[in-house]
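Worksheet: the structure to be examined is printed underneath.
Laboratory data are not the source of any read-out in this text; all were calculated from the coordinates shown. Small disclaimer: the values here were computed from a predicted structure and weren't measured. Note that each Cβ is placed from the backbone with ideal geometry, even for glycine, and that neighbours are counted across all protein chains shown.
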Amino acid sequence: MWMSELPPFVPFFIAALLALAARGWLRAGLMLATPVLGGLHLWFGVPEGTLLSVPLLEFELILMRADRLSLLFGYLFHLAAFIAMVFALHVRDTTQTVASLLYAGSALGAVFAGDLITLFIFWELLAITSVFLIWARKTERAIRSGQRYLIIQVTSGVLLLAGALVHYHRSGSLAFDYIGLEGVSGALIFIAFGIKCAFPFLHNWLTDAYPEATPTGTVFLSAFTTKVAVYSLARGFPGTDLLVYIGAAMTCFPIFYAVIENDLRRVLAYSMINQIGFMVCGVGIGTALALNGAVSHAFNDVIFKGLLFMSMGAVLYRTGEINGSHLGGLYKTMPKTAMLCIVGASSISAFPLFSGFVSKSMVMTAMIEEGYDYLWLMLLFASAGVFHHAGIKIPYFAFFAHDSGIRTQEAPRNMLVAMSIAAMLCIFIGSQPQYLYGLLPWEVDYWPYDTTHVLAQLQLLFFSALAFVWLNKAGLYPPELPSVNIDAEWLYRRLLPTGLRAADKGLRPAWDGFIAALSNQFRAVMAFLFRYHGPGGTLARTWPTGSMVLWVTVLLAVFVVAYYV
């Protein structure tokens, strides 16, 4: 019974400490055993309703609150951690191993946090531990990208803390339950969640940093940070109408950037924003069907997006290339990776019998039922777009486009095992969705496999594929060019530095004049002080005793007169 009182993050933190000293097969066994034993403990030893709190000053910190929502994400994060650990078994970098364990543990700590202070602590730990997976690549771009990533993530935590303190001052409670947008506290917390959720104009940390991480680090990154944010929105802001419009925008705008992007991992980063948009829409609608669709799509997205990131990570690991313009023809030497990538592409495209279909259709159905007709059309467009850039572009340009002449080995065995586990889950969940539906937090009265849903989705995918083929054959599809595209980050990566340089150039003469005038005044003051206090100054002379008595008498007389007046 005591096992039920162990917070799920503790085994990962302990394993991270042990990993500092472990080596070889001992470290590999530790990496695999931690999510397995932790998952079994969560499944069998933490019943719904478990609550663990500890006192801190006048506050009560809730380290573990187990309900159906937090338990679902707990199961997901243990599963994701295990698959990612298998994929990274060949890594001998202690920094990456320790950071991965701490990162997964921080994600678990966040989803089981019952108060805003505990959430803030793990919110910041997510940022600090994950950035080492970016820096571990040790390139100049990775280091700079990690710095920008850390600044933005820490800013999110600062906003969360500020919102929590204002919320406590207003309501007298730090409980992490429904918050809503009323008041300054709700707005601050909403923006903090929005940064980690990659809202429009707050999303560039994701497309900037994730593609610069190590081949294995990106797999971990894709699983935790944004899904913690989706969980937080589902907990704190369900039914917030603004989220429906934000989510609809998130589903659409990444498509245009993903189509012209050359870096295939950056394409997947844009695709991640697209998929999170569906989840945000579901949270904003707020009905049981929509919320179930949001959290089930988060569950599926971790698996199929992880599979796609793993396949591209395997390509990068074997070839050293990830740009579509430099790849192609890899199916000849990496056929297993190509096939597993296609499974992930089918899942994210929501093909029937694959996992994306059984969760995305819930959000789409809830959208039309609640009368968001125009936004439903935006989501329909986004569904076709994700098939273009993730379902077709990723496997096509990596494995089947022009033969790049690269001949390499198949992915390492541990990578193939990890990808195979994810692929089997994609097919199993897609063909047997009742098992996932049974874990959802709210009652499920929905079945995706009716004639209308299946035929509509197949038609959408067919015409989307037809459009890709026609555009490609006609030479109208954007070519894969060796370039880097930036979107809203242009504001702080180009405009801000250019503006600062221009301001420096324009204000430099005035600044130099100000410094010169200040220096002249300083020298004048020093000369005045030296005149009176220097070795030959007036105040440095020896004064007769009588003169000193006279001056003391004068000062005393002035004081007495001033006092009585």
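The table below lists the values:
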| read-out | value |
| --- | --- |
| Pairs of lysine residues in the chain - Cα separation under 30 Å, sequence separation of 8 or more or cross-chain | 25 |
| Highest average packing first - 130-138, 503-511, Cβ atoms within 10 Å | 130-138, 503-511 |
| Evaluated over the chain, the Cα radius of gyration and Dmax, each in Å | 29.9, 115 |
| Order of L18, L30 - criterion: other Cβ atoms within 10 Å of each residue's Cβ, fewest first | L18, L30 |
| Order of C426, C197 - criterion: other Cβ atoms within 10 Å of each residue's Cβ, fewest first | C426, C197 |
| Burial ranking of peptide ranges 513-519, 116-122 (average Cβ count within 10 Å, highest at the top) | 116-122, 513-519 |
| Average Cα contact separation per residue, the stretch 7-118, under 8 Å, 6 or more apart, as relative contact order % | 41 percent |
| Cβ-based exposure ranking for L181, L69, in which fewest neighbours within 10 Å come first | L181, L69 |
| For the stretch 177-253 and the stretch 389-457, distance of Cα centres in Å | 23 Å |
| Mean separation of Cα contacts under 8 Å (6+ apart) over length of the chain, as relative contact order % | 12 percent |
| Extension gain (nm, one decimal) between I151 and A503, 0.36 nm per residue minus Cα-Cα | 124.4 nm |
| Förster radius 25 Å - calculated FRET efficiency between R23 and V417 (Cβ-Cβ, nearest 0.05) | 0.70 |
| Segment L491-Q434, extension gain: residue separation times 0.36 nm, minus the distance between their alpha carbons | 15.9 nm |
| Cβ-Cβ FRET estimate between R141 and M526, R0 fixed at 60 Å, reported to 0.05 | 0.75 |
| Whole-Å distance, taken between Cα centres, linking the stretch 4-59 and the stretch 255-327 | 28 Å |
| Chain lengthening between E182 and A516 when straightened (0.36 nm per residue, less Cα-Cα) | 115.0 nm |
| Shape category assigned to the stretch 228-386 from the gyration tensor of Cα positions, a/c cut at 1.5 | prolate |
| Protection proxy ranking, peptides 54-65, 300-311, average beta carbon neighbours within 10 Å, highest first | 300-311, 54-65 |
| Förster radius 30 Å - calculated FRET efficiency between K332 and L353 (Cβ-Cβ, nearest 0.05) | 0.60 |
| Where only C-alpha atoms are counted, convex hull volume of the stretch 238-499 per residue in Å³ | 139 Å³ |
| For the stretch 238-499: relative contact order, % (alpha-carbon pairs under 8 angstrom, 6 or more apart) | 27 percent |
